[in-house]
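*Asks:* Below is a structure I'd like to ask you about.
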Amino acid sequence: MDIPKYKIALIVGAGEGLSASLTRLFSREGIRVALGARSIEKLGSLCTETGARAYACDATKTEDVERLFGLVEREIGTPDLVVYNASGRSRGPFVELVPSEVEQAIAVSAFGGFLVAQEAAKRMLPNKKGAILFTGASASVKGYAQSAPFAMGKFALRGLAQSMARELSPQGIHVAHFVIDGGIRSAARAEPADRPDSMLDPDAIALSYWNVLQQPRSAWTWELELRPWVEKF
């Protein structure tokens, strides 16, 4: 079986949760990691721990994304594994939503994903190999009350991933979308003592991303749903 080997990963929308777990996992597997985020100050300790490099980038701006890929190429190498983790939210009663805030939320969740994926695909297609992964949410498949902007953005991101997978998979690019259906555990957000493992462990999510990346191309998946064992469908 032809198991892909990845050398350089770029994670956009990086933070201290799932992105950090992915960074640690990729680094342990010998992959060099670049991190893109609007604010990189919070990534210092993670970079020190893993050897990753952080770059400031607003994923909703074409020039920022182009600059990010250019810097990563010059300083590390061309990414053959790209993960889009950024999300935008604007909550509230539908008639009270602020249009400019809704526009920004959709831009972060969906348009930024397009910009990052397009730059990644341009570089992967000549080699006919690579992987582009998108982080979705419960809102990717079900819109909740008072959360229309998040659902709009995540629905769009899922559509982007599905369309890309159908176009790019036959050209050697593995495109996958992950529906994270539940809350992710963190230092600031732990599950109650009487409900163990009722939240998603970011390290466990990262392992599922890795398992998808190890799929032979004869049996690729374009989407995977992940939820705690007690989460309702």
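The values are calculated or read from the model by the stated rules, or taken from the named source; none is laboratory data. What you are looking at is a predicted structure, and each value in this text was computed from that prediction instead of being measured. Quick reminder, even Gly has a Cβ in these numbers, built from the backbone with ideal geometry, and neighbours come from all protein chains shown. Surface accessibility is based on the protein's heavy atoms, side chains included, excluding ligands, DNA and RNA. Shrake-Rupley method; radii C 1.70, N 1.55, O 1.52, S 1.80 Å.
*Asks:* Could you let me know the centre-to-centre spacing of the stretch 1-40 and the stretch 167-233, using Cα atoms, in angstrom?
*Replies:* After rounding, the separation between the Cα centres reads 15 Å.
*Asks:* Among the lysines, which have Cα under 19 Å from the Cα of K7 when same-chain residues fewer than 8 positions away are ignored?
*Replies:* Within the straight-line cut-off, K7 pairs with K122, K128, K129.
*Asks:* Only four residue types carry charge here, +1 at the Cβ of Lys and Arg and -1 at the Cβ of Asp and Glu. Report the dipole size of the stretch 36-75 about the Cα centre in Debye, rounded to the nearest 20.
*Replies:* Values: 6 positive and 8 negative charges, 15 e Å.
In debye, rounded to 20, the stretch 36-75 gives about 80.
*Asks:* While we're here: How much net charge surrounds S109 when only the other residues with a Cβ under 13 Å from the Cβ of S109 are counted, with Lys and Arg +1 and Asp and Glu -1?
*Replies:* Result for the neighbourhood of S109: +1.
*Asks:* Where the accessible area of the chain is counted over protein heavy atoms with a 1.4 Å probe, how much of it, in %, is carbon and sulfur?
*Replies:* Values: 6050 of 11650 Å².
Summing carbon and sulfur atoms, their accessible area is 52 percent of the total for the chain.
*Asks:* Cut-off under 29 Å on the C-alpha distance; same-chain residues fewer than 8 positions from K142 excluded. Which lysines are left, in chain and number order?
*Replies:* K61, K154, K232
*Asks:* Per residue, how much accessible surface does the stretch 69-162 expose to a 1.4 Å probe? Answer in Å², no decimals.
*Replies:* Details: 4190 Å² over 94 residues.
On a per-residue basis, 45 Å².
*Asks:* Take the Cα atoms of the chain, build their convex hull, and give its volume per residue in Å³.
*Replies:* On the way: hull volume 31.1 nm³, N = 233.
Per-residue hull volume (Cα only) is 133 Å³.
*Asks:* What order, most packed first, do the peptides 15-24, 74-83, 161-170 have when packing is the mean number of other Cβ atoms within 10 Å of each residue? Spell out each step's value before the answer.
*Replies:* On the way: 15-24: 21.6, 74-83: 19.9, 161-170: 16.2.
My ranking of the peptides, most packed first, is 15-24, 74-83, 161-170.
*Asks:* A follow-up question, please. Three principal axis extents, largest first, for the C-alpha atoms of the stretch 74-169, in Å?
*Replies:* 48, 29, 16
*Asks:* Moving on to the next point. Would you kindly derive the ³J(HN,Hα) couplings of the stretch 171-181 from the backbone phi angles with the Karplus curve 6.51 cos²θ - 1.76 cosθ + 1.60 (θ = phi - 60°), listing them in order in whole Hz, with x for Gly and Pro?
*Replies:* Calculated HN-Hα couplings, in order: 9, x, 9, 7, 10, 9, 10, 10, 8, 8, 9 Hz.
*Asks:* Out of residues 5 or more away from Q146 or on other chains, whose amide H comes under 5 Å of its own, with H placed 1.01 Å from N in the peptide plane?
*Replies:* The list, which skips near neighbours in sequence, is F94.
*Asks:* Now for a separate question. Under the Karplus relation 6.51 cos²θ - 1.76 cosθ + 1.60, θ = phi - 60°, what is the ordered set of whole-Hz ³J(HN,Hα) values for the stretch 154-163, x standing for Gly and Pro?
*Replies:* 6, 4, 5, 5, 5, x, 4, 4, 5, 5
*Asks:* What ³J(HN,Hα) values, in whole Hz, does the Karplus curve 6.51 cos²θ - 1.76 cosθ + 1.60 give for the stretch 121-137 when θ = phi - 60°, with x put for Gly and Pro?
*Replies:* Computed from phi, the couplings for the stretch 121-137 are 5, 4, 8, 7, 4, x, 8, 6, 7, x, 9, 10, 10, 10, 9, x, 8 Hz.
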